[in-house]
Amino acid sequence: MSRRMISSLCGISLLAALPAVSQTPKAPQDAINGSEPRHVILIIGDGMDDQQITIARNYLAGATGRLELDKLPLRSTSQILTIQDKENGKPVYVADSANTATSIATGKVTSRGRISTTAGSDLDIPTIVELASAAGFKTGIVTTASVTDATPSAFAAHISYRLCENPELILDITYSGIHLGECKVDLKSNGGKGSIAEQLAESSLDILLGGGGKHFALKAEDGSTSLLEMAQNNGFSTVANTAQMSNVPPDNRLLGLFSPDDMPVKLRGEDGRVAESPEPSILNRVHEYLGDVTQPAPMRCEPNPEFASVPTLKAMTDTALAHLAHNNDRGFFLMVESASIDKQSHERNPCGSIGEVEQLNEALRSALAFAAQHPRTLIMVTADHAQAAQLIPYESLFSEYPIPIYTPGKIARLITPEGSHLAVNYATTTFQMEEHTGANVPLFGNRESLGLVPPFVQQPQLFEISRQYLGL
């Protein structure tokens, strides 16, 4: 057995020391017998906690409106689990997308930055995609991020550090002169599986759609071919735009790379504005009770002109469903990610996050339409972790006090389609990007999830729910 191998039977359970939760029901008998095709559609809103959903609902549907999410019959809660990067490491209470996606994809708790590998011992953990593919199910991944990003890659790759996305980065990851790490242990020449892009190009996936074209334009580690050619040699039809995607026969395996990196978002703030700092007067700088403060000007969300150049998340989801269901009497596993709810929150751009929640709702509508025609389809919608945005009062509850009151962070003041005002606050850090937060995240499900998903889960249970539903 190689240094990086770990089997699903003898894998180290990193949940052993954690409190017990209600057991997931056993797989339905028809899944075990293989008598009827069964499908799992897992939709992940990266960073989509209740704050993000509420902000988006208020802007997109109005205070008394409903998103597609709100109409689902099951509402549960998922607890995020993270540990330090050592075996039996102590808990870490705020996660990143790498370790949380690993929890969902493998059922194991690991440390931040890891892609389906164990903390400390650096062993590969089998993913739901790999198990499903080995059992004859078709598999697919759809994302608005680069396909090499943490969440999608955790379902089909194994590496010690999430930023080792291509053969150049695996040797040295440096941004603005700051060395952030490397993954030389994962080089093929060292007995590893190579960079994330190499592993995806050589994977057994049937569908892989998103951004990240720049990573596949590079040469493989041995310099023999580009990663795009490697994927083609592995049987993928490769496309770069919506028209090409629509013309690929449904029998074909499909790799779609529609932008160099992450895909453009649907909405942005007016003229590209994001959250801004309130401006206290000189007198207020002398004493907090004196002077006044100027709040950022209110704005509306507007269409992002770059968005028109790429397929929507709904279009990619529709394509994935059509390909995965074609001539398939076994079933499939599909992960769909609306990635930039998180990324735009890092950038303090509430309009970008709102547009990504809207994209998720549109993709969910497609998934529900598919499930209406294929009743043995389990749909779960959740987030990997919570994020920084907070919905705060547009006018302070303490405004009657004759002193300036304002957020110590940055704020975006949105004019909603209802004609009211929405204040979104970011105040986790003074750095140029906001931080994740450590709250539970919501978990929604369609009718097929009733009786399968308990009212409270620890995130690794999502793997078990999917695995048992497919009878793996």
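The values are calculated or read from the model by the stated rules, or taken from the named source; none is laboratory data. Computed from a predicted model, the values in this text were never measured in an experiment. Because the Cβ atoms are built from the backbone with ideal geometry, glycine has one as well, and the counts that use them run over all protein chains shown. Surface areas here come from the heavy atoms of the whole protein model, side chains and all, with no ligands, DNA or RNA. Shrake-Rupley method; radii C 1.70, N 1.55, O 1.52, S 1.80 Å.
Restricting ALA367, ALA388, ALA371, ALA363 to residues that are assigned to a helix (DSSP H, G or I) and farther than 21 Å from MET263 by Cβ narrows the list to ALA371.
Applying a threshold of 6 Å to beta carbon distances and a minimum spacing of six or more residues, or different chains, the list of pairs starting in the stretch 121-146 at a residue that is more than 15 Å from GLY256 (Cβ to Cβ) and open to solvent by 30 Å² or more (accessible area, probe 1.4 Å) and ending at one that is part of a loop (DSSP other than H, G, I, E, B) and hydrophobic (A, V, I, L, M, F, W, C) reads LEU123/ILE6; LEU131/LEU472; ALA135/LEU472.
Results for (1) out of contact with any strand residue (DSSP E or B) (no Cβ under 9 Å at 6 or more places or on another chain); (2) of a type in the set (A, V, I, L, M, F, W, C); (3) farther than 30 Å from SER153 by Cβ, shown as yes or no for each residue.
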site: PRO375; (1), (2), (3): yes, no, yes
site: LEU378; (1), (2), (3): no, yes, no
site: ASP384; (1), (2), (3): no, no, no
site: GLU395; (1), (2), (3): no, no, yes
site: PHE431; (1), (2), (3): yes, yes, no
site: PHE463; (1), (2), (3): yes, yes, no
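Among the residues of the stretch 434-472, the one identified as among the basic types (Lys, Arg) and touching a helix residue (DSSP H, G or I) at 6+ places or on another chain (Cβ under 7 Å) is ARG467.
Residues of the stretch 268-318 that are β-branched (Val, Ile, Thr), surrounded by 15 or more Cβ atoms within 10 Å (Cβ to Cβ) and in a helix (DSSP H, G or I): THR317 alone. Can you find even one residue in the stretch 46-66 that is within 22 Å of GLY107 (Cβ to Cβ), aliphatic (A, V, I, L, M) and modelled with pLDDT of 95 or more? Yes, because at least one residue in the stretch 46-66 is within 22 Å of GLY107 (Cβ to Cβ), aliphatic (A, V, I, L, M) and modelled with pLDDT of 95 or more. Would it be correct to say that THR382 is farther than 24 Å from ALA95 by Cβ, out of contact with any Gly (no Cβ under 7 Å at 6 or more places or on another chain), hydroxyl-bearing (Ser, Thr, Tyr) and crowded, with 22+ Cβ neighbours inside 10 Å? Spelling it out, it is not the case that THR382 is farther than 24 Å from ALA95 by Cβ, out of contact with any Gly (no Cβ under 7 Å at 6 or more places or on another chain), hydroxyl-bearing (Ser, Thr, Tyr) and crowded, with 22+ Cβ neighbours inside 10 Å. Highlighted here are the helices (runs of 4 or more DSSP H) found entirely within the stretch 164-240 that include at least 1 residues which are under 15 Å from THR148 (Cβ atoms), small (Gly, Ala, Ser) and touching a strand residue (DSSP E or B) at 6+ places or on another chain (Cβ under 7 Å): 213-216, 227-233.
Of all the residues in the stretch 157-182, those that are without any contact (Cβ under 8 Å) to a residue 60 or more places away in the chain and either hydroxyl-bearing (Ser, Thr, Tyr) or open to solvent by less than 10 Å² (accessible area, probe 1.4 Å) (or both) number 10.
Scanning the stretch 50-91 for residues that are within 22 Å of ILE392 (Cβ to Cβ), assigned to a loop (DSSP other than H, G, I, E, B) and among the β-branched types (Val, Ile, Thr) turns up just one, THR64. Checking each residue in the stretch 233-243 for being free of Cβ contacts under 8 Å to residues at least 40 places away in the same chain and either closer than 24 Å to LYS219 by Cα or surrounded by 15 or more Cβ atoms within 10 Å (Cβ to Cβ) (or both) picks out ASN233, ASN234, GLY235, PHE236, SER237, THR238, VAL239, ALA240.
Selection of strands (runs of 3 or more DSSP E) fully inside the stretch 414-472 by the criterion of at least 2 residues being under 20 Å from ILE53 (Cβ atoms) and touching a Leu at 6+ places or on another chain (Cβ under 8 Å) returns 421-426, 441-445. Tallying residues that are within 16 Å of the chain's Cα centre (by Cα) and closer than 15 Å to GLN458 by Cα within the stretch 50-78 yields 1. Would you check which residues across the stretch 330-350 are open to solvent by less than 10 Å² (accessible area, probe 1.4 Å) and either of a type in the set (Phe, Trp, Tyr) or more than 18 Å from the chain's Cα centre (by Cα) (or both) and list them? GLY331, PHE332, PHE333, listed by residue number. Is it the case that some residue within the stretch 408-424 is open to solvent by less than 70 Å² (accessible area, probe 1.4 Å), over 21 Å from GLU68 (Cβ atoms) and charged (D, E, K, R)? Yes, that holds for at least one residue. Within the stretch 364-380, the residues that satisfy the criterion of being in contact (Cβ under 8 Å) with a residue 24 or more places away in the chain and over 22 Å from ALA63 (Cα atoms) are SER366, ALA367, LEU368, PHE370, ALA371, HIS374, PRO375, ARG376, THR377, LEU378, ILE379, MET380. Cβ contacts < 9 Å: first residue of a type in the set (Asp, Glu), restricted to the stretch 435-451; second residue part of a strand (DSSP E or B), any location; separation 6+ or different chain. Result? The qualifying pairs are GLU448/THR377; GLU448/LEU378; GLU448/ILE379. The requirement of being open to solvent by 80 Å² or more (accessible area, probe 1.4 Å), touching a residue at least 12 places away in the same chain (Cβ under 8 Å) and within 21 Å of GLU347 (Cβ to Cβ) is fulfilled somewhere in the stretch 385-402, by at least one residue.
Checked against (1) within 16 Å of the chain's Cα centre (by Cα); (2) crowded, with 23+ Cβ neighbours inside 10 Å, ASP96 meets all criteria but (2).
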